[in-house]
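A quick write-up on the structure given underneath.
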Amino acid sequence: MERPAWAPRSVDISVPSVSRMYDYYLGGSHNFEVDREAARRAMEFMPGLPKIVQANRAFMRRAVRFAAGEGITQFLDIGSGIPTFGNVHEVARAANPDARVLYVDHDPVAVAHSRAVLAGHDGADVLAADLRKPQDILNSPEARRLIDRNRPVALLLVAILHFVEDADDPYAAVAELREALAPGSMLVLTHASYEGIPLPPERAEGAVDVYQDIRNPLIMRTREEIARFFEGYDMVEPGLVPMPQWRPDTAPEDEDPYAFSGFAGVGRTA
C-alpha cells in the first residue's frame, strides 16, 4: 500500500482509524482504503451512518454559534478529528474574530492536518492528547497559551465519549474538565445510542461489532447514561434531545430518520 504524501510516517496505514472513517462518512479525502473498507462494512448494517455524522457536524456548528452568541470566546474541542469545511474556529471566528480555539485529538493524521489547516492562525492550535488524561490537556503549553481558565470556555465533546469505555471512567474525565473550567463554561456533547436508530437493535449491533473488530469499541449508552455527563451543568433548552431537535435551523421533520440516532445537548455551569 502506497503511503500518501500527507500521511505522517508514524501512522500505520494498514490499521483503520475512527477519525479517518468519520472523514470518509463526511465525504472527505483524508482516509485510506483500510478505513473505507471498515466504514463500508459498518454501513452494510447501518447505511445511514453518513447522515448521523452529518447531523453531528450540523449540531456542532449550531452549538458553537450559540455559545459565541452567549459571549464565550474560548473553545476546547476534544476529539476534534480531521478538519473539514465549517470547523469550530471558522464558525467561532465568524461570530467573534477574537475567538480562540484549541483542538485536541490523539490520531496523528487528525493532528497533522489540523496543523496544516491552522498554519498562520494565532488564535487556534492543535494538541496531540487523549481525553482520558485531562491534566495532559489542561497543563499543555498550547492550553496555557490559548485558554484563560479564569474565563468561561465551551468544552466540545462531540462524537467522542462513545469511544471511551466504562473501564476508563469517562464520567470522571468529564467531571475533571468541568472542575478545571470557570463558572459559566459550557459542555457541548453528542453521543451514540441505540435509541432513535431506525433499525432493529440486532441490526445496529452489526455496525457496533465492526468497531469492536478494529479495536475501537463503540459504546452505545442510554439517554439516562448520557445525561450523567451533564452532572454539575444546567441544561440549556431544549435539553438532551436527538441532534436535529436541538435549536434547529430547518424543520426537524425534513431530516433523514437516521439523523435522530443518539443525543445532543448543551449545559452551562452556574
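Computed quantities for the displayed model
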| read-out | value |
| --- | --- |
| Among residues of the range 81-114, those that are closer than 14 Å to Glu142 by Cα, open to solvent by 20 Å² or more (accessible area, probe 1.4 Å) and either among the hydroxyl-bearing types (Ser, Thr, Tyr) or modelled with pLDDT under 90 (or both), counted | 0 |
| Qualifying residue in the range 45-52 (condition: in a helix (DSSP H, G or I) and more than 19 Å from the chain's Cα centre (by Cα)) | yes |
| Number of the exception - Arg149 against (1) free of Cβ contacts under 8 Å to residues at least 60 places away in the same chain; (2) under 22 Å from Trp246 (Cβ atoms); (3) open to solvent by 20 Å² or more (accessible area, probe 1.4 Å) | (2) |
| Filter result for Val126 (open to solvent by less than 10 Å² (accessible area, probe 1.4 Å), within 24 Å of Arg9 (Cβ to Cβ) and at pLDDT below 95) | no |
| Flag if Gly262 is under 15 Å from Phe66 (Cβ atoms) and buried (at least 21 other Cβ atoms within 10 Å of the Cβ) | no |
| Subset of the range 5-40 [touching a residue at least 12 places away in the same chain (Cβ under 8 Å), open to solvent by 50 Å² or more (accessible area, probe 1.4 Å), under 26 Å from Pro244 (Cα atoms) and part of a helix (DSSP H, G or I)] | Tyr24 |
| Residues that are β-branched (Val, Ile, Thr) and out of contact with any Pro (no Cβ under 8 Å at 6 or more places or on another chain), drawn from the range 22-53 | Ile52, Val53 |
| Residue within the range 195-204 that is surrounded by 15 or more Cβ atoms within 10 Å (Cβ to Cβ), in a helix (DSSP H, G or I) and on the phi < 0 side of the Ramachandran plot present | yes |
| Hits in the range 152-168 (condition: assigned to a strand (DSSP E or B) and open to solvent by 10 Å² or more (accessible area, probe 1.4 Å)) | Val158 |
| Residue satisfying all of: in the range 201-223; over 12 Å from Phe45 (Cβ atoms) and of a type in the set (A, V, I, L, M); farthest from the chain's Cα centre (by Cα) among these | Ile214 |
| Exclusive hit being open to solvent by less than 80 Å² (accessible area, probe 1.4 Å), touching a residue at least 24 places away in the same chain (Cβ under 8 Å) and closer than 20 Å to Lys133 by Cα, set Met220, Met186 | Met186 |
| Complete set of residues in the range 58-75 that are in a helix (DSSP H, G or I) and either crowded, with 22+ Cβ neighbours inside 10 Å or of a type in the set (Phe, Trp, Tyr) (or both) | Phe59, Met60, Ala63, Val64, Phe66, Ala67 |
| When residues of the range 134-146 are limited to those that are open to solvent by 30 Å² or more (accessible area, probe 1.4 Å) and touching a residue at least 24 places away in the same chain (Cβ under 8 Å), the one nearest to Ser80 (Cα to Cα) | Glu142 |
| Any hit, the range 192-199, residues being out of contact with any Phe, Trp or Tyr (no Cβ under 9 Å at 6 or more places or on another chain) and within 20 Å of Arg268 (Cβ to Cβ) | no |
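The values are calculated or read from the model by the stated rules, or taken from the named source; none is laboratory data. Quick caveat, the model's predicted, so the values are computed rather than measured. Reconstructed Cβ throughout: ideal geometry from the backbone, glycine too, with neighbour counts over all protein chains shown. Just so you know, the surface numbers come from the protein's heavy atoms only, side chains and all, with ligands and any DNA or RNA stripped out. Shrake-Rupley method; radii C 1.70, N 1.55, O 1.52, S 1.80 Å.
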